[in-house]
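S.K.: The structure's right below; bear with me while I get my questions together.
FYI, it's all coordinate maths here, none of it is from the lab. All values reported here derive from a predicted model rather than from experimental measurement. Every residue, glycine among them, receives a Cβ derived from its backbone with ideal geometry; neighbour counts consider all protein chains shown.
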Amino acid sequence: MADVGGLLDRLIEKHLGSLRAIVAAIRGLDVAIGHGGGEGREAAKKAFSLAHQIAGAAGSIGFAEVSLAGRALEQELRPLAEADSGANPQQLASIHALIDRLEAVVLAQRPETSSLYGRQSDALQAAARRREA
Amino acid sequence: MPLERVLYVEDEPDIREIARIALVELGGLNVDLCASGGEALATVETIRPDLILLDVMMPDMDGTETFRRLRGRPDLAATPIVFMTARAQDHEVRQYHELGAAGVITKPFDPIALPAQLRALWDASAGEHGHG
């Protein structure tokens, strides 16, 4: 039988690296979002997609706070990603603040802050069986 | 007939892996993983899943288009298809059900609860369509 706890721990460590890379990518789009026009829209779409990715993945891998910060940014970017209009100064300020917040939250994470980290295989399997019952 | 084989379609590798761990290692299910709608359509040429779990936001072919194409195959017409998505506002969930989805699981999901959630949807679907 597979060591489920070990599989999870390795995934959590890998995911933490992915989160940091994704946040760096979003940070790299920050200035372009403010340019407006086609460039700004494309940057907003990319950042929206990355924030969406963080919101869904981080929460499922035990990083609830990261997921919430990603979701907040995703919601702020959605109107820009789905519409033809550019961001107004208030939206831009909010987006910058939410990127700062997401970056801070991600950089504060360690593998052990995941709610799934360090769980023993038998405890995980027993928990799953209880959910089945 | 119990749920045995699941096809999971998801473009994000870490989500695929956490779902695989949940369904295979914790849930004891057989799982085939696909990274895109196109890959899923190719995979169902050779395997017959009991249930399909489908992401919505994917590049190239999104989940709803993948759903339509899978559902258009006569051999999959009765196969339950469940969306697993972060796009789960009320109006979006309503759209998935109107499309014919057997259920919607919201991301982020609880990996420990996922096998039980899928089996419950499978059982509910059996009540409607029968599973042999």
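S.K.: May I ask you to list the residues in the stretch A:48-67 that are crowded, with 18+ Cβ neighbours inside 10 Å, over 17 Å from B:ASP55 (Cα atoms) and of a type in the set (A, V, I, L, M, F, W, C)?
M.R.: Matches in the stretch A:48-67: A:PHE63, A:VAL66.
S.K.: Something else now. Considering each residue of the stretch A:51-68, count those that are facing chain B (nearest Cβ under 7 Å) and among the charged types (D, E, K, R), and give that number.
M.R.: 0
S.K.: Here's another thing I want to ask about it. For the stretch B:78-105, enumerate the residues that are small (Gly, Ala, Ser), closer than 17 Å to B:ALA124 by Cβ and without any contact (Cβ under 8 Å) to a residue 24 or more places away in the chain.
M.R.: Filtering the stretch B:78-105 down to residues small (Gly, Ala, Ser) leaves B:78, B:86, B:88, B:100-103.
Imposing the further condition that a residue be closer than 17 Å to B:ALA124 by Cβ reduces the set to B:78, B:100-103.
B:GLY103, the sole residue that qualifies.
S.K.: For the stretch A:11-50, which residues satisfy the criterion of being outside any helix (DSSP H, G or I) and either within 14 Å of chain B (Cβ to nearest Cβ) or on the phi < 0 side of the Ramachandran plot (or both)? Lay out the reasoning, then the answer.
M.R.: Kept after step one, since they are outside any helix (DSSP H, G or I), are these residues of the stretch A:11-50: A:34-36.
Matches in the stretch A:11-50: A:GLY34, A:HIS35.
S.K.: I want to confirm something. Restricting to the stretch B:75-99 and keeping residues that are among the charged types (D, E, K, R) and surrounded by fewer than 14 Cβ atoms within 10 Å (Cβ to Cβ), which single residue is nearest to B:GLY37 (Cα to Cα)? First the steps, then the outcome.
M.R.: Keep residues of the stretch B:75-99 that are among the charged types (D, E, K, R), which gives B:75, B:87, B:90, B:92, B:94, B:98.
Checking which are surrounded by fewer than 14 Cβ atoms within 10 Å (Cβ to Cβ) leaves us with B:75, B:90, B:94, B:98.
Working: B:ASP75: 17, B:ASP90: 24, B:ARG94: 22, B:GLU98: 20 Å.
Top of the filtered list is B:ASP75.
S.K.: Ok, one more. Please give the helices (runs of 4 or more DSSP H) falling wholly within the stretch B:1-119 in which 2 or more residues are more than 14 Å from every other protein chain (Cβ to nearest Cβ) and of a type outside the set (Phe, Trp, Tyr). So that I can check it myself, show each step before the final result.
M.R.: On the way: elements: B:13-20, B:37-43, B:63-71, B:90-99.
Per the criteria, B:37-43, B:63-71, B:90-99.
Let's see how each residue does on (1) assigned to a helix (DSSP H, G or I); (2) of a type in the set (Phe, Trp, Tyr); (3) surrounded by fewer than 16 Cβ atoms within 10 Å (Cβ to Cβ); (4) out of contact with any Gly (no Cβ under 9 Å at 6 or more places or on another chain):
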residue	(1), (2), (3), (4)
A:PRO79	yes, no, yes, yes
A:GLY86	no, no, no, no
A:ALA93	yes, no, yes, yes
A:GLU112	yes, no, yes, no
A:TYR117	no, yes, no, no
A:ASP122	yes, no, yes, no
